[in-house]
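Participant: Sending over a structure as structure tokens; questions will come in a sec.
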Amino acid sequence: MKTAFSNRKYIIFAIFALVGFIYISRLFYIQLIDQSFKLSANNNVFRYITEYPARGLIYDRNGKLLVYNEAVYDLMVVPKLVKSMDTADLCKLIGINDSTFKSRIDKARQYSIYRPSFFEKQLTVETYGFLQEKLYKFSGFYVQARTVRKYPSPIAAHTLGYIGEVSPETTLKNSYYKSGDYIGISGIEKSYEEVLRGVKGVKIKMYDVFNREKGSFQNGKYDTLAEPGKNLYTTLDADLQSYGEKLMTNKIGSIVAIEPSTGEILALVSSPTYDPNLLVGRIRSENYAKLLVDDLKPLFDRALMAQYPPGSVFKLVNGLIGLQEGVLTPETRYGCGGGFSLGGGKSVGCHIHSSPNDLIHAIAISCNTYFCNVFRTIMNDKDFVNTRDSYVNWRKAVMSFGFNKKFNNDLPNELNGNIPSAEYYDKFFGVNRWSAYNIISLAIGQGEIGITPLQLANLAATIANKGYYYTPHIVKAVDKKNYVLTKYANKNYTAVDNTYFATIVEAMFQCVEMGTGRIAQLEGVEVCGKTGTAQNPHGENHSVFIAFAPKDNPKIAVSVIIENAGYGATYAAPIASLMIEKYLFRKVKRLDVEASMINANFMNVIKKKK
Amino acid sequence: MINRKNILHNTDWILVSLYFAFVLMGWLNIYAAVYNENHKSIIDMSQAYGKQLIWIGTALLIAVAILVIDQKFFTAFAYPIYGFSLLILIIVLLFGREVAGSKSWFRIGDLALQPSEFVKFTTALVLAKYLSAINIRMQDIKTKMSAFALIFVPVLFVLLQNDTGSAIVFLAFIFVLYREGLSGNVLIFGLLLSVLFFLPLLFDKLIIISVLIGIGAILFYLMRKHKKDLIALVTIIVLSVGFVYSVDYLYDHVLHPHQKQRIDVLIGKQTDLKGAGYNVNQSKIAIGSGGFMGKGYLQGTQTKYDFVPKQSTDFIFSTIGEEWGFMGSSVVIILFVILFYRILLVAERQRSVLSRIYGYGVVSIFFIHFMINIGMTLGLFPVVGIPLPFFSYGGSSLWAFTILLFVLIKFDSNRLSVS
């Protein structure tokens, strides 16, 4: 039936159809083009529950536990489930005030009202105990267990290192880590992170809108199991390490002990140290900040990172290179009139002793004049075109002892040390404008030279081995005690033939027997050692001593540096000797020496004695 | 002559088939929306799908009853029926039950009824009755006023019940009036108003006014020969500018906070996905994650784990989108458009003006529900709580839509016997 406005039916249907068309287009867009909704749907329903594996334990070389895991308890809250309750009671239990309580609930609410948030991290066991009894009163709160590292005895903090929450940068670089995960930040925890951490597992669970679990996704087809971290057996001797730290009480410096026949580090002491338990749990950030601003830099690992001029200890190296280059024989004698003249009224001084001396005696009594002569003959060796060439060759030989480079072992953060390059002197004095006399301080291990305590101990081990060293390392075995790493089983030979070492070993023996290191003598053991005094332009000289023992078939090589303690013989030598005694006999008989060493205090020595 | 013994004589089977198809699909999706492993039995009366079965059964009885009753009952008593429904609205205002902020529910035993759903039918009927009377011309001011009054009175009561959603539905009758001769400018004016309402919320007022005046100036230049229209143009521009300024007032003082929030969510001013925007966002996630073929019946994770609130009622379309995908949801939309087309066709073939106008009333009401409800699940419309015809869970709406449609089918079956 036609009416006046009959044609309007088309307009009306066109509007209806247009809306239908718009909706289908919209559906086309959100269902087929825009993929973000699919992801959101998965995020809604799937919860990827990470199963954290237990971190591997760390033992010493004898199977003594150094690091283990302890459960801590985090108080979690699901805001949706929180009902009216006695907030004051809860606040009192965990030691917060009312406004903190409110702000934390708000923060959790902002994150999600259905999902759990941290309310209070790492409750103490006592708090947990009290809380557990009352938890039924606090609807919406529950306690979640996690583990933190614990240290049965507070030793080897620098070496063991610590773990902490992974940084945002790391999570970007390495997809294994998610925000909030823990990662090794320093020490063994860092270098063996992948071994210790194990592999996280993931369980895919489905949840409804009320956060109620609805079972696993496809019967766990896509779930993965967590693999526990592997245990580590370090090369450390816990007793020796502990003893070393005790000896270093109130001293700044370092003790490093190495087993020469393997390169295994027996003790790695940096002083002042800190209790590794301080960097664990809820007290961590506060303590870390305190340690960081401490003037004595307790976080600084001196054993690997402090660089000292080695002083007279370096005469051993010059002696060996001299012998190798043929500019020196064990019988070579130089007289000493109280110093080595540099011309123009300048000289390198020496202390009063008998003269002249052969090589062995020169080392034993640490004659400066002798080694200035040796160094000069090395530099003026006719086999080379000029001093610079001789120097380049000498430096190469020195570096073959492991100086001026990292060992690239399993200890992170070690530093190179420094043996100045020829280019450095070219720059400093001008090309071809320097001779042995300009750099004579290298003869006696002073000047621009920098060596770390670990490198010094390695020198002792190299001499003990008569010409080679195994890369010093800190981990002996992974997983099982008898599954020993073979990575560090190669001998690193020095540029000096092994035939020349016997003389130097004898010299070191004589040093302790009748020379400057007599104080290091140990009854029943032939100790070989060398004293050193590192010049310190900032204050009192550092006391240096390296040693190994027994002379035949050495079991332990030690380096000791005590900052501001003066002559090497006074403090470094007896401490090295005590370390050797402790390691070889497991017990120290010289209690008086031990006591005087422990009681010695060099913390506040600043002024240099004039 | 008609065969009085066969009530199904001349019944439009296409509309009836569409009705059954919608109701069946509706029930299947309600079952999916409230599906729960613990209540698998389809006739579990504690669950929405179980109750909906009762509503469907009773709706069918009502449909049969309508086909049996003489159509004169509806045409002759259009005014009393309308009056009675208004009375019920007043009673509900006084004694009704408040559900979700709207005082629009009656509770009789276990049955909850929402009278405003039925008023849509009675208004469509009375409007048809009024406009089909002899000597009525849409062009007359008196006709317009009376028609608007007939629509406005129930709107007023529904607004008093705080049921904005149902009130908006009555805007549908503009299509009816338009078909019967109301100036097309009304549609354009309505569009202009809604655009002018949203623009000031999104853009700076000065920009909008500059653009308005710019457009006005161009039109002024183009229409400079038609003096009469120029006055209208200037009036419209001035009114528009005034309206732009009053939007803030309307927005701040007339709208309720939750209504403001819903508008903010729609225009993207508020992206609080945990608060006011939660429903729409979860609905979009459900539909969007359905993809092309959907996740499969009863497999929708958004649906199964209750991430979409009000899913069996206002947000039922999100279940369709998630479980049946682009295929399924497009089919539903196309079926609705087919329904609209069929009703328009049926309306236009009526000899009786009353039947035709009533047919337009029915299709307009269906359309506005369709547009607002699906638009809201797709994030194209503010959240307005009105059901999707035949799909959404709820007895009142199902009954009301059944009555609307079957009265038309009844009229249509008699189309040849009426002069």
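The values are calculated or read from the model by the stated rules, or taken from the named source; none is laboratory data. Only a predicted model underlies this, so the values are computations on that prediction, with no experimental measurement involved. Reconstructed Cβ throughout: ideal geometry from the backbone, glycine too, with neighbour counts over all protein chains shown.
Participant: If you go through segment A:324-362, how many residues are aliphatic (A, V, I, L, M) and in contact with an Asp or Glu (Cβ under 9 Å, 6 or more places away or on another chain)? Don't jump to the end; show me each part of the working.
Facilitator: Within segment A:324-362, the subset aliphatic (A, V, I, L, M) is A:327-328, A:342, A:348, A:352, A:359-360, A:362.
In the following step, the residues that additionally are in contact with an Asp or Glu (Cβ under 9 Å, 6 or more places away or on another chain) were identified as A:327, A:359-360.
Looking only at that region, the number is 3.
Participant: Restricting attention to segment A:40-69, which residues are of a type outside the set (Val, Ile, Thr), in a strand (DSSP E or B) and under 15 Å from residue A:144 (Cβ atoms)?
Facilitator: Residues of segment A:40-69 of a type outside the set (Val, Ile, Thr): A:40-44, A:46-48, A:51-57, A:59-66, A:68-69.
Keeping just the survivors that are in a strand (DSSP E or B) gives A:46-48, A:51, A:59, A:65-66, A:68-69.
Result: A:47, A:51.
Participant: Kindly list the number of the only condition in (1) crowded, with 24+ Cβ neighbours inside 10 Å; (2) under 15 Å from the mean Cα position of the chain (by Cα); (3) away from chain A (no Cβ under 11 Å); (4) part of a helix (DSSP H, G or I) that fails for residue B:391.
Facilitator: (4)
Participant: So residue A:71 clears everything in (1) surrounded by 14 or more Cβ atoms within 10 Å (Cβ to Cβ); (2) more than 14 Å from every other protein chain (Cβ to nearest Cβ); (3) in contact (Cβ under 8 Å) with a residue 60 or more places away in the chain except one condition, right? Which one?
Facilitator: (1)
Participant: Here's a follow-up. Quick one: residue B:127 ticks every box in (1) closer than 24 Å to residue B:410 by Cα; (2) of a type in the set (A, V, I, L, M); (3) not in a helix (DSSP H, G or I) bar one, so which box is it?
Facilitator: The number of the failed condition is (3).
Participant: A further question on this structure: Can you run down the residue pairs with Cβ atoms below 6 Å, 6 or more apart or on separate chains, where the first is in segment A:119-136 and polar (S, T, N, Q) and the partner is part of a helix (DSSP H, G or I)?
Facilitator: Here the result reads A:122/A:281; A:122/A:282, each pair linking segment A:119-136 to a residue that is part of a helix (DSSP H, G or I).
Participant: Here's something else I'd like to know. Output the residues belonging to segment A:95-142 that are among the β-branched types (Val, Ile, Thr) and more than 15 Å from residue A:82 (Cβ to Cβ).
Facilitator: Our first condition is that a residue be among the β-branched types (Val, Ile, Thr); within segment A:95-142, this holds for A:96, A:100, A:105, A:113, A:124-125, A:127.
Within segment A:95-142, A:96, A:100, A:124, A:125, A:127 meet the criteria.
Participant: Could you tell me which numbered condition residue A:9 fails, if it satisfies all but one of (1) more than 7 Å from chain B (Cβ to nearest Cβ); (2) surrounded by fewer than 20 Cβ atoms within 10 Å (Cβ to Cβ)?
Facilitator: (1)
Participant: Which of the following residues is surrounded by fewer than 21 Cβ atoms within 10 Å (Cβ to Cβ), of a type in the set (Phe, Trp, Tyr) and at the interface with another protein chain (Cβ under 8 Å from one of its Cβ atoms): A:16, A:28?
Facilitator: A:28
Participant: Name every residue in segment B:289-309 that is touching a residue at least 24 places away in the same chain (Cβ under 8 Å) and facing chain A (nearest Cβ under 8 Å), in order of residue number. Give the derivation first.
Facilitator: Going through segment B:289-309, the residues touching a residue at least 24 places away in the same chain (Cβ under 8 Å) turn out to be B:289-300, B:303-304, B:307-309.
B:289, B:290, B:291, B:292, B:304, B:307 - these are the residues of segment B:289-309 that are touching a residue at least 24 places away in the same chain (Cβ under 8 Å) and facing chain A (nearest Cβ under 8 Å).
Participant: Within segment A:552-595, can you find the residues that are closer than 18 Å to residue A:259 by Cα and part of a helix (DSSP H, G or I)?
Facilitator: A:575, A:576, A:577, A:578, A:579, A:580, A:581, A:582, A:583, A:584, A:585 - these are the residues of segment A:552-595 that are closer than 18 Å to residue A:259 by Cα and part of a helix (DSSP H, G or I).
Participant: What number goes with the only condition from (1) touching a residue at least 40 places away in the same chain (Cβ under 8 Å); (2) of a type in the set (Val, Ile, Thr); (3) assigned by TED's automatic domain parsing to the domain that holds residue B:381 that residue B:151 does not pass?
Facilitator: (1)
Participant: Right, something else. Return yes or no: is residue B:163 surrounded by fewer than 13 Cβ atoms within 10 Å (Cβ to Cβ) and assigned by TED's automatic domain parsing to the domain that holds residue B:359? Steps first, please.
Facilitator: Working: surrounded by fewer than 13 Cβ atoms within 10 Å (Cβ to Cβ): no; assigned by TED's automatic domain parsing to the domain that holds residue B:359: yes.
The answer is no for residue B:163.
Participant: Which of the residues belonging to segment A:31-42 are among the small types (Gly, Ala, Ser) and either at the interface with chain B (Cβ under 7 Å from one of its Cβ atoms) or touching a His at 6+ places or on another chain (Cβ under 8 Å) (or both)? Spell out the reasoning first.
Facilitator: Residues of segment A:31-42 among the small types (Gly, Ala, Ser): A:36, A:40-41.
Correct list: A:40, A:41.
Participant: Restrict the check to segment A:83-92 and report whether at least one residue is assigned to a helix (DSSP H, G or I) and within 14 Å of another protein chain (Cβ to nearest Cβ).
Facilitator: No; the residues of segment A:83-92 include none that is assigned to a helix (DSSP H, G or I) and within 14 Å of another protein chain (Cβ to nearest Cβ).
Participant: Say whether the condition of being of a type in the set (Ser, Thr, Tyr), within 9 Å of another protein chain (Cβ to nearest Cβ) and either under 22 Å from residue A:47 (Cα atoms) or surrounded by fewer than 24 Cβ atoms within 10 Å (Cβ to Cβ) (or both) is met by at least one residue in segment B:319-332. Quick ask: steps written out before the conclusion?
Facilitator: From segment B:319-332, those of a type in the set (Ser, Thr, Tyr) are B:319, B:329-330; that's our starting set.
Next, only the ones that are within 9 Å of another protein chain (Cβ to nearest Cβ) stay: B:329-330.
Add one more test, that the residue is either under 22 Å from residue A:47 (Cα atoms) or surrounded by fewer than 24 Cβ atoms within 10 Å (Cβ to Cβ) (or both), and what stays is B:330.
Yes, some residue in segment B:319-332 is of a type in the set (Ser, Thr, Tyr), within 9 Å of another protein chain (Cβ to nearest Cβ) and either under 22 Å from residue A:47 (Cα atoms) or surrounded by fewer than 24 Cβ atoms within 10 Å (Cβ to Cβ) (or both).
Participant: Only one of A:502, A:495, A:569 is surrounded by fewer than 16 Cβ atoms within 10 Å (Cβ to Cβ) and among the hydrophobic types (A, V, I, L, M, F, W, C); which? Steps first, answer last, please.
Facilitator: Values: A:495 fails: surrounded by fewer than 16 Cβ atoms within 10 Å (Cβ to Cβ); A:569 fails: surrounded by fewer than 16 Cβ atoms within 10 Å (Cβ to Cβ).
None of the others qualify; the one that does is A:502.
Participant: Only residues that are more than 14 Å from chain A (Cβ to nearest Cβ) and in a helix (DSSP H, G or I): list them for segment B:161-183, please.
Facilitator: Initial filter on segment B:161-183 (more than 14 Å from chain A (Cβ to nearest Cβ)): B:161-170.
Matches in segment B:161-183: B:164, B:165, B:166, B:167, B:168, B:169, B:170.
Participant: How many of the residues making up segment A:258-298 are among the charged types (D, E, K, R) and part of a loop (DSSP other than H, G, I, E, B)?
Facilitator: Matching residues across segment A:258-298 total 4.
Participant: Moving to a separate point now. Considering each residue of segment A:313-346, count those that are touching a Cys at 6+ places or on another chain (Cβ under 9 Å) and within 23 Å of residue A:419 (Cα to Cα), and give that number.
Facilitator: Count: 3.
Participant: When the residues of segment A:546-565 are filtered to those that are closer than 17 Å to residue A:271 by Cβ and of a type outside the set (A, V, I, L, M), which remaining residue is modelled with the highest pLDDT? Please lay out each step first, then the result.
Facilitator: At the first step, the residues of segment A:546-565 found to be closer than 17 Å to residue A:271 by Cβ are A:558-565.
Right, trim to of a type outside the set (A, V, I, L, M) and you get A:559, A:563-564.
Working: A:559: 96, A:563: 92, A:564: 90.
Only one residue tops the list, namely A:559.
Participant: For segment A:43-58, does any single residue satisfy the condition of being free of Cβ contacts under 8 Å to residues at least 24 places away in the same chain and more than 7 Å from chain B (Cβ to nearest Cβ)?
Facilitator: Among the residues of segment A:43-58, at least one is free of Cβ contacts under 8 Å to residues at least 24 places away in the same chain and more than 7 Å from chain B (Cβ to nearest Cβ), which makes the answer yes.
Participant: If you check B:343, B:357, B:403, B:374, which single one turns out to be over 30 Å from residue A:214 (Cα atoms), within 14 Å of chain A (Cβ to nearest Cβ) and out of contact with any Ser or Thr (no Cβ under 7 Å at 6 or more places or on another chain)? Spell out the reasoning first.
Facilitator: Working: B:357 fails: out of contact with any Ser or Thr (no Cβ under 7 Å at 6 or more places or on another chain); B:403 fails: within 14 Å of chain A (Cβ to nearest Cβ); B:374 fails: over 30 Å from residue A:214 (Cα atoms).
Result of the check over B:343, B:357, B:403, B:374: B:343.
Participant: What residue, among those in segment B:86-114 that are in a helix (DSSP H, G or I) and without any contact (Cβ under 8 Å) to a residue 60 or more places away in the chain, is surrounded by the fewest Cβ atoms within 10 Å (Cβ to Cβ)?
Facilitator: Filtering segment B:86-114 down to residues in a helix (DSSP H, G or I) leaves B:86-95.
Next, only the ones that are without any contact (Cβ under 8 Å) to a residue 60 or more places away in the chain stay: B:87-88, B:91, B:94-95.
Values: B:87: 11, B:88: 19, B:91: 12, B:94: 8, B:95: 10.
Ranking the candidates gives B:94 first.
Participant: For segment A:341-370: of the residues being assigned to a loop (DSSP other than H, G, I, E, B), in contact with a strand residue (DSSP E or B) (Cβ under 9 Å, 6 or more places away or on another chain) and among the hydroxyl-bearing types (Ser, Thr, Tyr), which is modelled with the highest pLDDT?
Facilitator: Here the residue is A:366.
Participant: Let me ask something else about it. Within the bounds of segment B:345-362, is there any residue that is part of a helix (DSSP H, G or I), at pLDDT 95 or above, among the charged types (D, E, K, R) and within 26 Å of residue B:179 (Cβ to Cβ)?
Facilitator: Taking every residue of segment B:345-362 in turn, none turns out to be part of a helix (DSSP H, G or I), at pLDDT 95 or above, among the charged types (D, E, K, R) and within 26 Å of residue B:179 (Cβ to Cβ).
Participant: Starting from residues that are in contact with a His (Cβ under 9 Å, 6 or more places away or on another chain) and without any contact (Cβ under 8 Å) to a residue 60 or more places away in the chain, keep the ones in segment A:359-400 and report whichever is surrounded by the fewest Cβ atoms within 10 Å (Cβ to Cβ).
Facilitator: A:367
Participant: Which one is nearest to the other protein chains (Cβ to nearest Cβ) among residues in segment A:196-218 that are buried (at least 18 other Cβ atoms within 10 Å of the Cβ) and in a helix (DSSP H, G or I)?
Facilitator: A:217
Participant: So residue A:279 passes all but one of these: (1) surrounded by fewer than 21 Cβ atoms within 10 Å (Cβ to Cβ); (2) modelled with pLDDT under 90. Which condition number does it fail?
Facilitator: The single condition residue A:279 does not satisfy is (1).
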